[in-house]
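Student: Handing you a structure now.
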Amino acid sequence: MTQTTDPESHHRAPVDPDAPGETHLIVAKDEEVVIEHHIEDWLVFVIFWGLAGIVFLQFFTRYVLNDSLAWTEEIARYGLMWVVFIGAAMVTRRNAHIGVELVSNLLGPGPLQKALFILIDIVRVIFIALLAYFSITIVERMDIQRMTVIDLPMSYVYGGIAVGCFLMLYRQLETTWRNYKRGWTPVQHVTPAAD
């Protein structure tokens, strides 16, 4: 640890990294924070914190009171399923699903890369549409089956999955439309270095 021997050093103005002649190895700049308020964000927020409360209640009753509540484990499992599928709609909206970009990077900008991006969007829409369709058929079939501890139909559980699938489909259609308007050009994730 080094200390400054100049007693006036704490009175100096901070150095501007953009000033001419100033060279720094690391320059950190604040980015604008955008807070979005979408229905899936709020649903996941409420379900997640409800899930946290139920898991804490399960922990408390099992390890402190030594008398576990039977319904907490089942509801926590179902709540986690809801968080995953409705949270997937958030990820779809942000276009942040995991993807392998090797082929598009190898193709480079041009008509082949554009065709690949179009194909990817079409496959995504078809896959999520099928997922949404099958989620509805599962909800219909699970209406006769009951939950283990709570006497409610399992269609309530799978209804959350269906909601998440239809939200994903809606967000993917939005993303595909945005990509169409942009001409399916790749989004630049890295800002070029200043010269």
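Student: Quick one: Karplus J couplings for the stretch 53-68, per residue in order, coefficients 6.51, -1.76, 1.60, θ = phi - 60°, nearest Hz, x for Gly and Pro?
Tutor: x, 5, 5, 5, 4, 4, 4, 4, 5, 6, 9, 9, 8, 6, 8, 5
Student: Also, quick follow-up: What relative contact order, as a whole-number percentage, does the stretch 38-182 give when Cα pairs under 8 Å and 6 or more residues apart are counted? Mind dumping the intermediate values first?
Tutor: Numbers: 135 pairs, mean separation 42.1, N = 145.
Dividing the mean separation by the residue count of the stretch 38-182 yields 29 percent.
Student: Next up: For the stretch 38-182, give the magnitude of the charge dipole about the Cα centre (Cβ charges: +1 Lys/Arg, -1 Asp/Glu; no others), in debye to the nearest 20.
Tutor: Value, rounded to 20: 620 debye.
Student: I'd like the distance between the alpha-carbon centres of the stretch 23-68 and the stretch 102-178, rounded to an integer number of Å.
Tutor: The stretch 23-68 and the stretch 102-178 have Cα centres separated by 24 Å.
Student: How big is the charge dipole of the stretch 22-97 about its Cα centre, in debye rounded to the nearest 20, if each Lys and Arg gets +1 on its Cβ and each Asp and Glu gets -1 on its Cβ?
Tutor: 300 debye
Student: Rounded to a whole number of µm²/s, how large is the Stokes-Einstein D of the stretch 38-182 at 25 °C and 0.890 mPa s, given Rh as the Kirkwood radius over C-alpha pairs?
Tutor: 141 µm²/s
Computed from the coordinates by the stated procedures, all read-outs in this text should not be read as laboratory data. As the structure is a prediction and not an experimental result, all values here were calculated from the model. Using ideal geometry, Cβ is built from the backbone for each residue, glycine included, and neighbour counts are taken over all protein chains shown.
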